[in-house]
Amino acid sequence: MKRIVYFLYGCVCYLIFFGTFLYAVGFIGKFVVPRTLDGVATVPVSLAVAIDATLLLLFALQHSVMARRWFKERWTRIVPQPIERSTYVLFSSLALILLFSQWQPIGGVIWSVDDSIGQIALRVLFALGCVLVLLSTILLNHFDLFGIRQVWLYLLGRPYSSLPFETPGLYRVVRHPLYVGWILVFWMTPTMTIAHLLFSVATTAYIVLAIQFEERDLIDAHGDKYRQYKRTVPMLIPFPSRQTSAVPDPITREEL
C-alpha cells in the first residue's frame, strides 16, 4: 500500500509542477494567464519592489538549499528517500505559485520594440527558450529529474540507481542548456517593464550563482571527470574554439 501511495504522491507532485511550468510561461510571456509580470502598480513602487524581491529571494533559497547534498542527508531522515525528489519538486512549485499570486506589478516601460518583425523575432526566441528548457530535461531523463522514476522504481520494488550521463546533444555545446533556455525566456520580450527587468536581472543573477554551487557539488562527486568536462565545454555561451570533442567519457551526474 505504501508503494502505491508514494507513486500517487509522486504523480501529483509532477502534475503540480507541469501546471506551474505552463503558468510560468504565460506569466513571463504575458499571455493567457490572469496574472503576469506586468500591469499597473497597485501599491507604492518601493513596497512593490520589496515584495517582489522577497518573493524571488524565497524561491532562490528554497530551490538552492533543498538541492544541496548536506540538506538532502538531513531531509531524508524525515522524508523517505523514494519521494525526496518529488517533495523537492512540490516545494519548488509551491514557491513559484506563491510568487505568481503575490507578485506586484510596477508599471513603467524600459524599452519597447514596435517593429512587427522585431516582435516576432523576440517571440520566436522566447518560444525557443521554452522548448530548450523541456528538451534539456528530456536529454537527461525528464522523469528522473522530476521524481517520477524514483517512485516508479519503488512501486516495482527495485532499488534506485543514478543514471549514466553521456553529455548528449546540447550538453556537448554548453554545460547548462537548461539555464540557457530559461535566460531566453526571461529576456526575450518585446516590452521590458520595470517589474520584468527586476525579475530578469534577479533570476539571471541567481542562475549564475546557482551554477557555482551546483558545479562545486559535481566536482566533489565526480572529481577530474567533471573538471575535464568543465574545461572543454563552456558554461552558457558556446565558443566554437573550445575543444568540445574532448568531452570526457560518460559520468554519473546528480542533477541538483
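The values are calculated or read from the model by the stated rules, or taken from the named source; none is laboratory data. Since this is a predicted model, take the numbers as computed values, not measurements. FYI the Cβ positions are ideal-geometry reconstructions off the backbone, even for glycines, and counts take in every protein chain you see.
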Quick one: would you say L184 is surrounded by fewer than 19 Cβ atoms within 10 Å (Cβ to Cβ) and at pLDDT 95 or above?
no
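Residues checked against (1) within 25 Å of L236 (Cβ to Cβ); (2) hydroxyl-bearing (S, T, Y):
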{"site": "F91", "(1), (2)": "no, no"}
{"site": "L94", "(1), (2)": "no, no"}
{"site": "L98", "(1), (2)": "no, no"}
{"site": "V109", "(1), (2)": "no, no"}
{"site": "S112", "(1), (2)": "no, yes"}
{"site": "A121", "(1), (2)": "yes, no"}
{"site": "L132", "(1), (2)": "yes, no"}
{"site": "Q150", "(1), (2)": "no, no"}
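Yes or no, residue by residue, for (1) outside any helix (DSSP H, G or I); (2) of a type in the set (D, E):
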| position | (1), (2) |
| --- | --- |
| C11 | no, no |
| V43 | yes, no |
| L56 | no, no |
| E73 | no, yes |
With respect to the numbered conditions (1) buried (at least 17 other Cβ atoms within 10 Å of the Cβ); (2) of a type in the set (A, V, I, L, M, F, W, C); (3) within 23 Å of the chain's Cα centre (by Cα), which one is the sole condition not fulfilled by L94?
(1)
From (1) at pLDDT 90 or above; (2) surrounded by fewer than 13 Cβ atoms within 10 Å (Cβ to Cβ); (3) in a helix (DSSP H, G or I), pick out the condition that doesn't hold for V32.
(3)
Sole exception among (1) touching a helix residue (DSSP H, G or I) at 6+ places or on another chain (Cβ under 6 Å); (2) exposed (fewer than 15 other Cβ atoms within 10 Å of the Cβ); (3) within 15 Å of H196 (Cα to Cα) for V65, by number:
(3)
Can you confirm whether G147 is of a type outside the set (A, V, I, L, M) and buried (at least 20 other Cβ atoms within 10 Å of the Cβ)?
yes
Just need a number here: residues in the stretch 232-256 that are loosely packed, with under 14 Cβ neighbours inside 10 Å and at pLDDT 65 or above.
2
Check whether at least one residue in the stretch 113-126 is touching a residue at least 40 places away in the same chain (Cβ under 8 Å), polar (S, T, N, Q) and closer than 18 Å to L163 by Cα, and report yes or no.
no
If we scan the stretch 90-109, do we find a residue that is in contact with a His (Cβ under 8 Å, 6 or more places away or on another chain) and not hydroxyl-bearing (S, T, Y)?
yes
